[in-house]
1. Quick check on segment 1-23: of everything there that is closer than 13 Å to G213 by Cβ, assigned to a loop (DSSP other than H, G, I, E, B) and of a type in the set (A, V, I, L, M, F, W, C), which residue is most open to solvent (accessible area, probe 1.4 Å)?
2. Any residue in segment 18-32 that is among the β-branched types (V, I, T) sitting within a Cβ distance under 9 Å of a residue that is not in a helix (DSSP H, G or I)? List the pairs, counting only those 6 or more apart or interchain.
3. What residue, among those in segment 179-200 that are more than 15 Å from the chain's Cα centre (by Cα) and farther than 19 Å from G161 by Cβ, is most open to solvent (accessible area, probe 1.4 Å)?
4. Could you list, in sequence order, all residues of segment 53-108 that are surrounded by 22 or more Cβ atoms within 10 Å (Cβ to Cβ) and in contact with a Phe, Trp or Tyr (Cβ under 7 Å, 6 or more places away or on another chain)?
5. With the checklist (1) polar (S, T, N, Q); (2) in contact with a helix residue (DSSP H, G or I) (Cβ under 6 Å, 6 or more places away or on another chain); (3) farther than 24 Å from P26 by Cα in hand, flag the one item S191 doesn't pass.
6. Within segment 26-49, count every residue that is assigned to a loop (DSSP other than H, G, I, E, B), in contact with a helix residue (DSSP H, G or I) (Cβ under 7 Å, 6 or more places away or on another chain) and surrounded by fewer than 22 Cβ atoms within 10 Å (Cβ to Cβ).
7. Within segment 122-167, count every residue that is farther than 16 Å from A100 by Cα, open to solvent by less than 40 Å² (accessible area, probe 1.4 Å), within 16 Å of the ligand (Cβ to nearest atom) and part of a helix (DSSP H, G or I).
8. Restricting to segment 109-121, count the residues that are open to solvent by 20 Å² or more (accessible area, probe 1.4 Å) and touching a His at 6+ places or on another chain (Cβ under 7 Å).
Amino acid sequence: MQLLAANWKMFKGPREAREFCAAFVPPEGVEAVLCPAFAALQAAVESGHTVFAQNVHWADEGAYTGEVSAPMLLELGVAGAIVGHSERRQYFGETDETVARRTRAALEHGLRVIGCVGESAEERHTGQTELVLKVMVEAIADAAGGRDGLVIAYEPVWAIGTGEMATPEMAREAHALIKGLLDVPVLYGGSVKPDTAPVMLAEEGIDGALVGGASLDVESFTAICQAAAEISSSS
Ligand code: PEP
């Protein structure tokens, strides 16, 4: 079953989250997951939709100002977390080591994890894509240690929020590489929109999408989920 995850980033407080959730009806045949900011998690959970956080700390509790732990998320009814999003790596000093620690703790507690990997434009242009993906995926795979609940999102950094989606061929190659390292579902992320989703989601080895900008609008996220549902029902 394809997995469609809505990464709302730092948009939507509780009121807007409630409005979205009330209007959102995921189609049959796909799994849709909403990933609000911490402040809107409870509102989204109360709606009955499946909810993931956008990050999770490795400690159960402690002097880590600004962080949230796996037990806290579980107490709220949150089912999983995004880990290692490129915006965390770029702006908040997230490294493969901290991504690994977050992944391990989340999975140990029974949260599901969407572990994000992807190359920058410079890394792609200098032929380092394979190496970068290998290092990032192996860090997450080692931390996961074969535990259930892990999904990888391939998100080329240059495609996130830019409107410039990877070509299906680039995504196919990256997904094949990742699946060769780790036997888990792999989502594509990077400027997926309702008009581009059908082509990308039909590609072999693409098990769903992590959607940023286009997930903020309930009609556009629903359209992306519907595209995935149609592909699943015809295959
Ligand atoms: C993301 O934030 O994970 C993402 C893929 O964003 P966008 O769809 O806006 O490129």
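1. Restricting to residues being closer than 13 Å to G213 by Cβ, assigned to a loop (DSSP other than H, G, I, E, B) and of a type in the set (A, V, I, L, M, F, W, C), the top hit is M10.
2. From segment 18-32, the pairs are V30/M1; V30/Q2; V30/L3; V30/L4; V30/G208.
3. Going through segment 179-200, the residues more than 15 Å from the chain's Cα centre (by Cα) turn out to be 179-183, 193-200.
With the extra rule that they be farther than 19 Å from G161 by Cβ, the set shrinks to 179-183, 198-199.
Numbers: K179: 74, G180: 68, L181: 62, L182: 28, D183: 150, P198: 55, V199: 87 Å².
By that ranking, first place goes to D183.
4. Scanning segment 53-108 gives A53, V78, G80, A81, I82, R102, A105.
5. Every listed condition holds for S191 apart from (3).
6. The initial filter retains those residues of segment 26-49 that are assigned to a loop (DSSP other than H, G, I, E, B), namely 26-29, 36-37, 47-49.
From what is left, the residues that are in contact with a helix residue (DSSP H, G or I) (Cβ under 7 Å, 6 or more places away or on another chain) are 26-29, 36, 47, 49.
Subsequent filtering for residues that are surrounded by fewer than 22 Cβ atoms within 10 Å (Cβ to Cβ) retains 26-29, 47, 49.
The total comes to 6.
7. Number of matching residues: 2.
8. The initial filter retains those residues of segment 109-121 that are open to solvent by 20 Å² or more (accessible area, probe 1.4 Å), namely 109-110, 112, 120-121.
In the following step, the residues that additionally are touching a His at 6+ places or on another chain (Cβ under 7 Å) were identified as none.
Residues that pass the stated criteria total 0.
The values are calculated or read from the model by the stated rules, or taken from the named source; none is laboratory data. Since we're looking at a predicted model, the values are computed, not measured. All Cβ positions, glycine included, derive from the backbone under ideal geometry; neighbour counts span all protein chains shown. Just so you know, the surface numbers come from the protein's heavy atoms only, side chains and all, with ligands and any DNA or RNA stripped out. Shrake-Rupley method; radii C 1.70, N 1.55, O 1.52, S 1.80 Å.
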